1. Tell me whether the range 47-61 contains one or more residues that are charged (D, E, K, R), within 17 Å of the chain's Cα centre (by Cα) and under 20 Å from K176 (Cβ atoms).
2. Taking the condition in a loop (DSSP other than H, G, I, E, B), within 18 Å of the chain's Cα centre (by Cα) and surrounded by fewer than 19 Cβ atoms within 10 Å (Cβ to Cβ), does N156 pass?
3. Of all residues in the range 86-127, count the ones that are at pLDDT 95 or above, within 29 Å of L158 (Cβ to Cβ) and among the hydrophobic types (A, V, I, L, M, F, W, C).
Amino acid sequence: MNSLEQILAANRQFVEHLPSSYESEENDKMPNRHLAIFTCMDTRLVEFLEPALGLGRGEAKMIKNAGNTITGPFEAIMRSLILSVFELGVNEIIVIGHHDCGMANTTSQGLTAKMLARGISPDAIKMVEHSMEKWLDTFHHPEDNVKEVVEKIRTNPLIPKDVPVHGLMFHPRTGKIEVIVDGYSAANIK
């Protein structure tokens, strides 16, 4: 059975035995804790990060990408955060990096070599070479990345100044959270 078949079989079982809590009318698109969480796509965070934060279904917008990185003032992550604030009632943003992040060891040269080995055209790589270098070759320390991302969000002219932006580090084995940036203090919010 391939991955898609496994997913479809699991979905049939899930739908047949759907817990009533999932059918609740209280769960809508608005996060009832008014939070947006931006974190890494690391598989170790799946079904671990939310419980470690005390979050349940419907309580926060979860936005993920490789290394919880932001590359520009209006790229996909920023657009999602802006929409969350202005359309979905988010009034607090939490950036969560994690220890042992694979991005810290990834380089544009290494990724390029793997892409070429899989048959990606050198011309196609050339089109994104500068972006890959800017994205991959500047990420070395997850904690520093969290600070930089918090600052990019906090100083983005499209994010209101009254929205605190916190920075946390997560341990993917123990679930422990460390505060790197207290968004209330950084924005002078009480």
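1. The answer is yes, given that some residue of the range 47-61 is charged (D, E, K, R), within 17 Å of the chain's Cα centre (by Cα) and under 20 Å from K176 (Cβ atoms).
2. When the stated conditions are applied, N156 passes them.
3. 9
The values are calculated or read from the model by the stated rules, or taken from the named source; none is laboratory data. Quick caveat: nothing in here was measured; it's all calculated off a predicted structure. Glycine gets a Cβ as well: all are built from the backbone with ideal geometry, and neighbour counts include every protein chain shown.
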